[in-house]
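In what follows, a structure is listed as structure tokens, so that the remarks can point back to it.
Please treat every number below as a calculation from the coordinates, not as lab data. Since the structure is predicted, the reported quantities are computational estimates derived from the model, not experimental observations. Cβ coordinates were reconstructed from backbone atoms using ideal geometry, including for glycine residues, and neighbour counts include every protein chain displayed.
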Amino acid sequence: MPFPGIPPHAVGSRIVVPHQPWIPSPPTTTAQSLNSLPLELASFALDPSINSRDRYFEPDRTQSRADMMDGGQEFRQSRRRWGKFGIVRRLRHLFDPSTNGSDHRSTAPSSSNTNSIDSRRYGRNANLVVDGNDGVRYDDQLSRTIRRNPIPPEAWKEYGYWARPYIRGVGVVRNATPRPPTSDLPIDPVQVFRSLRGPNDSPHPERWIPNLQHPSLPRRPSLWSKPPHPPISSSTTHPPPWECQLNPYLSHTPQGTPCITFDIGQPPYATFFSTTQNLIPLMEGDFAQPATYPFVSLMCISGVADDCANPWPWPIRVHNRRGVTIRDVFDRIYENFREFLQREEYDGMMERRKRLVEERYFKRIKEERRRPRWSGDDEVEGAVSPRDGLTRVDYMLDRTMFRGLEPHPSKDGTWIMFLGTY
């Protein structure tokens, strides 16, 4: 049964029992589906009758011009709810129809500073694009289509069950890896299950044969039955980001707390759920879930929102010819920010930034020396790490908590990453 508080797309604690048929996960209820989506997507799905721009941006704050001119009860309630911001926004819509009721912060950034993006602004207006120099706004039709038909949480979960099934008495086996070359003789699943136990009843998950089919095993979801498209070039993927749907683990959370806690300065296996009372880490099946629908073989993160660096000096390339997974994304992000700062990168910072980076470095080293090491580390508690030195994670100061990805506003086929303090 699932752990209390985990999101509906998490694999939980389901196990495979040999000789018992696998029962697929039931469809998620509407409330569970909305809880698993970002705030904007949840409001988008609640009322399909309203305008797509209002549905995705700020449905509760949208007010018609007639209501504002009449000063009706709805406007008075909205004014009391949203305060000065609501009044200013509606007056701007009344006297400047070209704004279409959207906040002045929703215009796309200039090309000279596309990497410096306010997290709340871009997270709320991710589907807004500026066409040329005339500032005409439009919504990408395909993006709206994808958002109207979100992948249900049970589909992501079923892929995790198939890729990393947990066999009773054995543990997690790797079912999504390519099958090694074997003889032409047919494979008996019953014999495979028996081979997982040694003479002394010891588990041997390494003996598992990938892509095995058996009634007791979960089936591969048809949504990801095809191999990913090869990248068109070194900087783009096919399909482009705005035609993909991100896994809920990677979706940007502009407000509130994300469903997981992933510190880019800590190993990905230290990632845990933030919605549970107890500390529950992600399972192997969670890390094995696809990063996108449809599968892509390359993802490039070319910027961090709200960062002054333009262009972003440390782009992150995530590649997997069999399809990028959650583990691929988290591993590459962690490896990227563990790299040392180069001398020229440090010298190019302003003096105040240098001081803040150094303070963050000494704080990190002090915490690492005091904190027990993760199991499997070569270093002992209190030892000085051989990697002592300024790293890219020190440059991020206190903004080290992963808050999700979105397509880059420049529409260049890359992604932009959002980081926060929690």
Note to self: Taking the beta-carbon count within 10 Å as an exposure proxy, list Glu158, Glu284 from fewest neighbours to most.
What the structure shows: Glu284, Glu158
Item checked: Neighbour-count ranking [beta-carbon atoms within 10 angstrom, fewest first] of His319, His408 -> His319, His408
Margin query: I need the per residue convex hull volume for segment 241-420, using only the alpha carbons, in cubic angstrom as a whole number.
Written below: 139
Note to self: Along the Cα→Cβ direction, 7 angstrom out, place labels at Asn149 and Glu206. What is the inter-label distance in nm?
What the structure shows: 4.4
Margin query: If neighbour count is taken as other Cβ atoms inside 10 Å, put Cys259, Cys300, Cys308 in order from fewest to most.
Written below: Cys308, Cys300, Cys259
